[in-house]
Amino acid sequence: MSMFKTVRGMRDFLPRDAKELIYVEQVTRELAVLYGYEEILTPAVESYELLAAKSGEEIRQRMYVFTDIGGRKVGLRPEFTASVARLIATKLRNAPKPLKLFSVGSLYRYDEPQYGRFREFWQANYELIGSDQPEADAEILTISNHLLKKLGIRNYYFKIGHVGILRGILNQEGIMEEQQNQIMQMLDKKRWKNALTTIKQLGASRQCLTTLKKISETKGKAAFDILKETEDTVQNYRNAVAAVENLRQILVVAKAGENKFETLIEPGFARGLEYYTGIIFEPYVPELEIALGGGGRYDKLIELFGGESTPAVGVAQGIDRIVLAMKKQKAKFKIQEEKRAVVIPVTAEMKTKAFEISSMLRNAKIPTEMEVVGRSVSKALSDANRRKVAYAVLVGPEELEEEKIVLRYLTTRKQKTVDIKELVKKIKAAK
Ligand code: AMP
């Protein structure tokens, strides 16, 4: 027995688990095509400065950071958005907008391993760059809704807020951005008491405190009612009112037509990442306490990376957690298992011919394995049965003299002698 194990927080995906993850990944990719998002690949290793620039303290502290042999301070990407922002500010600087980009891959965070929380995890990311219109936000929300629906996930809802509501209030109260970020972090952790104490210490007005307190108590499913209530609460804060109106417009568009989805509107909802400027949302299912993904608008991010001021909105789908939700709900992974063939040489002299026939079948797109360990026919057949192979092709000297082989149907255990020339046709006919 080898003493090597996976590093804490890291996982192996054996074939069955890998298939499930890849299935979800494949559906995210199908949606990218359906909505016109082009796939890009960016490196897992980026400069520390880039990754640290605007990720938020939370993620910064949990980054895998190291110095490479050349002495560069680098990190493993904890999210895709920084890499995308780098591209928009550099290589895609002059690309016509809007840009719709899709990326999928593994990310790394030194999180405390627990249910649904890993140190290497997978995300599918959709970013819409170059529009500040509510229909762009609505599109990102719709893709998220479409994905969960398409995967057969039930009873999911989107927790939705808007960073502009809290920031609008804090700005008008003269609270600096740095301090706002700290307050948003506290709110992300639901530490309202701490946040309110800090805000008070920073000299905010009594009106501000009562407004925020009210906001902390406002949430509900009836989206437009909650928005109306919030609008009344924040009426003295011009930009907060505008944020509520923006959210209302997004939801009017997103909920149009057949796009049904449940919402939980929470105007005091904050997300740990500092770069959000508008709507923020997270999909949930009742069976899991953790979010399946996270999205929002981040209009200032690209500027921060030295690009031109460019509005952008995007979402990160947490593939691992989506897989967990599907398992909890017994949703079906529609993994196509193709019927396979195995080619078995009856004697050692038949190996070359068996090899040749295997190639012929694969060239005809029939998934084919060759018996490569020199087992007897009966051993090879029982192994094929165990592995649910559909057809066995037995290559023996007598049949071969007449350019024939024996085709055995492993489910019915029937077999017949077939011309090699007819083999592909016979197998395809049996499908
Ligand atoms: P964030 O970038 O923090 O907004 O995360 C977006 C989504 O990525 C989350 O909603 C999760 O689905 C997924 N995610 C984040 N961190 C982890 C983790 N440590 N393990 C598994 N999934 C994660």
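The values are calculated or read from the model by the stated rules, or taken from the named source; none is laboratory data. Bear in mind the structure is a predicted one, so any value in this text is a computation, not a measurement. Cβ coordinates were reconstructed from backbone atoms using ideal geometry, including for glycine residues, and neighbour counts include every protein chain displayed. Note: areas computed on protein heavy atoms with side chains; ligands, DNA, RNA excluded. Shrake-Rupley method; radii C 1.70, N 1.55, O 1.52, S 1.80 Å.
General remarks:
- Among the candidates T142, T197, residue that is modelled with pLDDT under 95, at negative phi and in a helix (DSSP H, G or I): T197
- For I140, the criteria (1) touching a residue at least 40 places away in the same chain (Cβ under 8 Å); (2) within 12 Å of the ligand (Cβ to nearest atom) hold in every case but one, which is (2).
Residue-by-condition table, conditions (1) in a strand (DSSP E or B); (2) on the phi < 0 side of the Ramachandran plot; (3) within 12 Å of the ligand (Cβ to nearest atom):
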position	(1), (2), (3)
F281	yes, yes, yes
L288	no, yes, yes
E303	no, yes, no
T310	no, yes, no
V313	yes, yes, no
L324	no, yes, yes
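- Residues that are in a loop (DSSP other than H, G, I, E, B) and out of contact with any helix residue (DSSP H, G or I) (no Cβ under 7 Å at 6 or more places or on another chain), drawn from the stretch 335-371: Q336, E337, E338, K339, R340, K365, P367
- Test for F269: is it open to solvent by less than 20 Å² (accessible area, probe 1.4 Å), of a type in the set (F, W, Y), modelled with pLDDT of 95 or more and within 16 Å of the ligand (Cβ to nearest atom): no
- Sole residue being on the phi > 0 side of the Ramachandran plot and away from the ligand (no atom under 16 Å from the Cβ), chosen from K334, K330, K339: K330
Yes/no per residue for (1) of a type in the set (K, R); (2) open to solvent by 40 Å² or more (accessible area, probe 1.4 Å):
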{"site": "S106", "(1), (2)": "no, no"}
{"site": "E112", "(1), (2)": "no, yes"}
{"site": "R117", "(1), (2)": "yes, yes"}
{"site": "Q123", "(1), (2)": "no, no"}
{"site": "E127", "(1), (2)": "no, no"}
{"site": "G130", "(1), (2)": "no, no"}
{"site": "E135", "(1), (2)": "no, yes"}
{"site": "A138", "(1), (2)": "no, no"}
{"site": "T142", "(1), (2)": "no, no"}
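- Of all residues in the stretch 9-21, those satisfying the criterion of being open to solvent by 90 Å² or more (accessible area, probe 1.4 Å) and not basic (K, R) are D12, L14, P15.
- Index of the failed condition, Q235 passing every other in (1) polar (S, T, N, Q); (2) part of a helix (DSSP H, G or I); (3) out of contact with any helix residue (DSSP H, G or I) (no Cβ under 6 Å at 6 or more places or on another chain): (2)
- When restricted to residues that are part of a strand (DSSP E or B) and open to solvent by 60 Å² or more (accessible area, probe 1.4 Å), the stretch 379-418 contains 4.
- Taking the stretch 27-93 as the region of interest, the helices (runs of 4 or more DSSP H) fully inside it that hold 1 or more residues being without any contact (Cβ under 8 Å) to a residue 24 or more places away in the chain, within 18 Å of Y298 (Cα to Cα) and open to solvent by less than 40 Å² (accessible area, probe 1.4 Å) are 48-53.
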